[in-house]
Each structure stands twice: as C-alpha cells, then as structure tokens.
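K.L.:
One structure, pasted below without further comment.
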C-alpha cells in the first residue's frame, strides 16, 4: 500500500487555480522529489497532505486515511518551507515542545540528528530568535525527524545549509529511506533532488508536467553547453548527434544536448577551445525538455 | 493538550501577571479612596454644578454614594473594564491570527494535535486566565476592605461581582476569537475587538445620558454587566448571565466552526 496517494487533486483560491488534477503515489522507502519553480503549487500540495489546507477536489490518502486525522500526523514529520519557531524558546525547549505532541513516542533519533547536523551546544541554550537561519533550519529538521516518522514531508529543506550540512542532510535522507521511511522532498533546485531522489514529479503552474524515475529524467533532459572557440565556430555543430539546437554568436556557441554528450565533446575537441561551460541543469532546462516532448507528440 | 497549555502559560504569563496586578491594585486603591476621602460629599458637591443629564448618568452609575455603591463602581469603572477587555482581546487575537502571523501555527498543526484540541486548549486557557483575573480583583477588594476597615461588600456579593465581570470579558473573548479565526494579523484583530468593546461602552454611556438614545441600551453588551443590580438584589440577574454567556458561547462556537474549515496559514 502506498504511504501517500493523491488522485486528481485540485485547489482553487477564488479564481486562481493553484493545483489542477495532481496525481501521484509514494511507496515506503522511496525518496520522492517534488520539483517546480516558486509558486508552482508545491507548498500547497504539502499543506494539503497535512490537512492544513482543504482541497477543492480530488482525493488524498495518507496511510490509507484522511490527512485531517491526528493519528495520521503522528506518523508524519514535516519541515515547512518558511519555518517559524517561537523566538523566545530555546532550541532545547523547542525540541521538547514539539516532541511533547507525541507523548507515547520518544524522540529516538534526536542525538543522532544533532550529531549528524553538527548542532552546537549554544543552539540549545539560546533563544531561537538569536540563532542563525541555518541553525534554526537544523532545529526544524530535527523537529521533523526526531521521532523517526514513517513519512517525511520536507519543503525546500536545504535553504540556509552550507555544502557540508547539505551533504550530511543527504546522508540522513538516504538513511531514512534504508529504514523504509518515505520522503517527499520539494525543491526548485534540480541538483539537490537528483542527488537523493529515486523518482520526481515536476510541477508547473499547478499542473504535473511529469512523474518519472530520476534515471529516465536524466536521459531525456536537454542540457545547455556554452563554448567559446579560439577561432570561429566550426560549421555543422548542430548536426552532431545529440544536439537538438544550436545558437551561434561570434566565437560563442550555445548547444542544447539531449542524452549522451560524448559525440559533442569529441566534435568540439577537434577545435581550439577558449572556454567550455557545462553547468548543472536547471529547472528551466527540464521544462524545455518537456515542452519539446509535448510539441513532438502533437 | 498539557503541552499546549504549558506553552500558553509561558507565552501569556508576564502579560497576565501585569494585567492582574493592575486590576488588583486598582480595586485595592478604590478601597483606600473610599475609606480615606469623603467621596459622597465630594460627589454631591460636584453634582450640583453639572447638567441634569450628567447628574442622571452618575446617579445610574453609582446608584447611591454608600461605601458599597462606590466599591461596586470600582468594578464598573472604565479602567477596570479596559483592563479586563484588554486581557480578553489580546488572548483571543493571539490564539489564531497571532499564530498565523508569526508563522508558528503551520508547524503546530502539522503535529498530531487535532484542530478541536488546539481550539479547546486556547479556550480552556482563556477561561481559566479570565476567571483568575476576576478572582484576583475580588480578592483585592476583600483585602482592601480588611486593611481599611470597610464592611461594604460581603464574600457572596464579591463572588457574584467577579462572576459578572468574568462573563463580560468572556463575551469579548468570544467575539475577538471569531475575528481571530477570520484574520491573519493579531494587531488588527485586537484593534477590532477592543473597538467593539469601546463602542459598546460608549453606546451605554450615550443611551444613559441622552433620553432619545435610550432605545440603544439593549444593544450594548455592557448593559448586561450590572454590579449595581447585584448589590441591590444580592443575586446575579438571570438576564445578565443569559446574554453575556450566550454572547460568549455564540462567538466561540462561530469561531470554532470557522477554524475547522479555514486553510492554514
């Protein structure tokens, strides 16, 4: 049985349709990425999953039950995108306060999480309003994970984390998945999702563009390569296998590549190159991939 | 719910302690004034020089100028009313819109606590706090009477006064709680709640001062708060209890109904 399932979920705020027919399911042990630009409807979906926001239509089940039931939330951990902690409480008081909502269940993971995220002693004794954004975010993550929930809903969880903490965070997520915990992880940063997720849903303007395994997404993805040649841009670059589009401006060429990059790299290696930039793909590139697919299927 | 009540206690403790101290201090001070100054003489002299409408208003407010009347007026004084309304309005505004505004409600309600329990926790806390506030005022009047050798109000009358005062504040709490579940900013909600309380008091004053506006009296919630009637009848008028409790219950019930349906945040 899936840990959570959404069927044809819609949410409207007056005339604004925030979600339009969103459907997907997440299984135990799965790390599920929920990708989309700001305002796409990711946070609304997560809030519906927690019973905070009422859907306009469709069906939502967590552990086979309605998300408005408190017993369902006892099995769930949540980190909001805009985390707000009580500023006058110390870190320790905050962890105890939120753990106190589950009186029968201790917080078995708290020590391990504190160690993994490198939360230092002052974070527990100082009031939250005097802590850095990153430390507050770490506390939020501990609040979400300390009781080892069967389902973790994380909304843009790595905001404010430095690269070392991001790495530790990825380790924690993969550990949770090994313990058969399901994780839904929303982000607008593709590389972040790519590093831990097995499957991703891509949301744009409230509509699901795709739900795919990360491997097939990588294969399909159109990526941008920028090259500055020492002399002029060689002819016939766009005819190289894998190149779907090419733009040339003086000695600069921008190539959109799908699938295997080797034929393009070999072709370019025959020339004198001044600069070669092959950045991590961004959401925009993914959308480009799917628009292209839509256009091709028409 | 214990967890939530503990948190509410720490959040409001300082504010409520200050409000309770001010109310108790004020009621104690009234005892000191009544026992040390010839208030009836001063008032009688003052009333000779004011227009008849004002004279009528003072007569209705005080009833008479006995020590008991003056102490009862201490419970109907704008300062005492403002303190109680302030406590009720602030707690109600913070309960939902305050938590929405500071962003904390989202994380709290994502925990295994139902909206019913969250709401019940807020109401239980406010009822307890307002009861204690009223009791502290009554205790201060009792202490003031002992210290200054007054034997104006007996224990039963004081309990009835405190109960009537508490019911009035619960009415403001219920109404402001309704504003709170409809709003997102505690400041605006508190302002609206306090404004209604102020308007209700002004309507009462105008209706008592101006005969042509007397028809407005039943529309003022303060009209059902009647320390003077308690003194006269040695009982809490049923009409007062019914209207104030009904007002509080209707506001709270409407707020509860809306809270179950609203999106968070």
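The values are calculated or read from the model by the stated rules, or taken from the named source; none is laboratory data. Quick caveat: nothing in here was measured; it's all calculated off a predicted structure. Cβ placement follows ideal geometry from the backbone for every residue including glycine, while neighbour counts extend to all protein chains displayed.
K.L.:
Restricting to segment B:220-265, count the residues that are touching a residue at least 12 places away in the same chain (Cβ under 8 Å) and within 14 Å of chain A (Cβ to nearest Cβ).
P.N.:
So the count comes out to 6.
K.L.:
If you don't mind, there's one more thing I want to ask. Just for segment B:118-130: of the residues that are more than 14 Å from chain A (Cβ to nearest Cβ) and touching a residue at least 40 places away in the same chain (Cβ under 8 Å), which one is surrounded by the fewest Cβ atoms within 10 Å (Cβ to Cβ)?
P.N.:
Let us first name the residues in segment B:118-130 that are more than 14 Å from chain A (Cβ to nearest Cβ), namely B:122-130.
Within this subset, residues satisfying the condition of being touching a residue at least 40 places away in the same chain (Cβ under 8 Å) are B:122-127, B:129-130.
Details: B:122: 25, B:123: 20, B:124: 14, B:125: 22, B:126: 25, B:127: 16, B:129: 23, B:130: 24.
If we take residues in segment B:118-130 being more than 14 Å from chain A (Cβ to nearest Cβ) and touching a residue at least 40 places away in the same chain (Cβ under 8 Å), then B:124 is surrounded by the fewest Cβ atoms within 10 Å (Cβ to Cβ).
K.L.:
With (1) crowded, with 24+ Cβ neighbours inside 10 Å; (2) within 23 Å of residue B:234 (Cβ to Cβ) as the list, and residue B:157 as the residue in question, which single condition is left unmet?
P.N.:
Residue B:157 satisfies all of (1) crowded, with 24+ Cβ neighbours inside 10 Å; (2) within 23 Å of residue B:234 (Cβ to Cβ) except (1).
K.L.:
For segment A:158-271, which helices (runs of 4 or more DSSP H) that fit wholly inside it have 2 or more residues that are in contact (Cβ under 8 Å) with a residue 60 or more places away in the chain?
P.N.:
Working: elements: A:163-178, A:190-196, A:214-220, A:262-269.
Filter on segment A:158-271 gives A:163-178, A:190-196, A:214-220.
Conditions tested, residue by residue: (1) within 24 Å of residue A:159 (Cα to Cα); (2) surrounded by 19 or more Cβ atoms within 10 Å (Cβ to Cβ); (3) in contact with a strand residue (DSSP E or B) (Cβ under 6 Å, 6 or more places away or on another chain); (4) at pLDDT 90 or above.
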{"residue": "A:200", "(1), (2), (3), (4)": "yes, yes, yes, yes"}
{"residue": "A:210", "(1), (2), (3), (4)": "no, no, yes, no"}
{"residue": "A:215", "(1), (2), (3), (4)": "no, no, no, no"}
{"residue": "A:232", "(1), (2), (3), (4)": "no, no, no, no"}
{"residue": "A:238", "(1), (2), (3), (4)": "no, no, yes, no"}
{"residue": "A:248", "(1), (2), (3), (4)": "no, no, no, yes"}
{"residue": "A:252", "(1), (2), (3), (4)": "no, no, yes, yes"}
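K.L.:
So residue A:27 fits all but one of (1) in contact (Cβ under 8 Å) with a residue 40 or more places away in the chain; (2) over 21 Å from residue A:161 (Cβ atoms); (3) in contact with a strand residue (DSSP E or B) (Cβ under 9 Å, 6 or more places away or on another chain); (4) within 14 Å of chain B (Cβ to nearest Cβ); what number is the exception?
P.N.:
Looking at each condition in turn, residue A:27 falls short on (4).
K.L.:
Right, next: Go through B:195, B:178 for me and flag whichever is at pLDDT 95 or above and in contact with a helix residue (DSSP H, G or I) (Cβ under 9 Å, 6 or more places away or on another chain). I'd like the intermediate steps shown before the answer.
P.N.:
Values: B:195 fails: in contact with a helix residue (DSSP H, G or I) (Cβ under 9 Å, 6 or more places away or on another chain).
Exactly one of B:195, B:178 is at pLDDT 95 or above and in contact with a helix residue (DSSP H, G or I) (Cβ under 9 Å, 6 or more places away or on another chain), namely B:178.
K.L.:
Any residue in segment B:131-147 that is buried (at least 18 other Cβ atoms within 10 Å of the Cβ) and either within 15 Å of residue B:5 (Cα to Cα) or touching a strand residue (DSSP E or B) at 6+ places or on another chain (Cβ under 9 Å) (or both)?
P.N.:
No - not one qualifying residue is present in segment B:131-147.
K.L.:
Right, here's the next one. Would you point out the residue of segment A:141-153, among those that are in contact with a helix residue (DSSP H, G or I) (Cβ under 7 Å, 6 or more places away or on another chain) and assigned to a strand (DSSP E or B), that is nearest to residue A:189 (Cα to Cα)?
P.N.:
Restricting to residues being in contact with a helix residue (DSSP H, G or I) (Cβ under 7 Å, 6 or more places away or on another chain) and assigned to a strand (DSSP E or B), the top hit is A:153.
K.L.:
Which one of B:199, B:142 is within 17 Å of the chain's Cα centre (by Cα) and either part of a helix (DSSP H, G or I) or in contact (Cβ under 8 Å) with a residue 60 or more places away in the chain (or both)? First the steps, then the outcome.
P.N.:
On the way: B:142 fails: within 17 Å of the chain's Cα centre (by Cα).
The conditions single out B:199.
K.L.:
Is there any pair linking a residue in segment A:66-81 that is more than 9 Å from chain B (Cβ to nearest Cβ) to one that is surrounded by fewer than 17 Cβ atoms within 10 Å (Cβ to Cβ), with Cβ under 9 Å and at least six apart or on different chains, and which?
P.N.:
A:81/A:159
K.L.:
Follow-up. Please report, ordered by residue number, the helices (runs of 4 or more DSSP H) entirely within segment B:1-117 with at least 2 residues that are within 14 Å of chain A (Cβ to nearest Cβ) and over 25 Å from residue B:192 (Cα atoms).
P.N.:
Details: elements: B:2-36, B:39-47, B:52-62, B:67-76, B:78-93, B:104-109.
Answer list for segment B:1-117: B:2-36, B:104-109.
K.L.:
Would you be able to say whether some residue in segment B:204-219 is under 24 Å from residue B:124 (Cα atoms), surrounded by 16 or more Cβ atoms within 10 Å (Cβ to Cβ), away from chain A (no Cβ under 14 Å) and in contact with a helix residue (DSSP H, G or I) (Cβ under 8 Å, 6 or more places away or on another chain)?
P.N.:
First pass over segment B:204-219, keeping only residues under 24 Å from residue B:124 (Cα atoms): none.
No, segment B:204-219 contains no residue that is under 24 Å from residue B:124 (Cα atoms), surrounded by 16 or more Cβ atoms within 10 Å (Cβ to Cβ), away from chain A (no Cβ under 14 Å) and in contact with a helix residue (DSSP H, G or I) (Cβ under 8 Å, 6 or more places away or on another chain).
K.L.:
Would you mind finding the one in A:79, A:113 that is under 24 Å from residue A:150 (Cβ atoms), in contact with a strand residue (DSSP E or B) (Cβ under 9 Å, 6 or more places away or on another chain) and buried (at least 19 other Cβ atoms within 10 Å of the Cβ)?
P.N.:
Details: A:113 fails: in contact with a strand residue (DSSP E or B) (Cβ under 9 Å, 6 or more places away or on another chain).
Criteria check complete, one pass: A:79.
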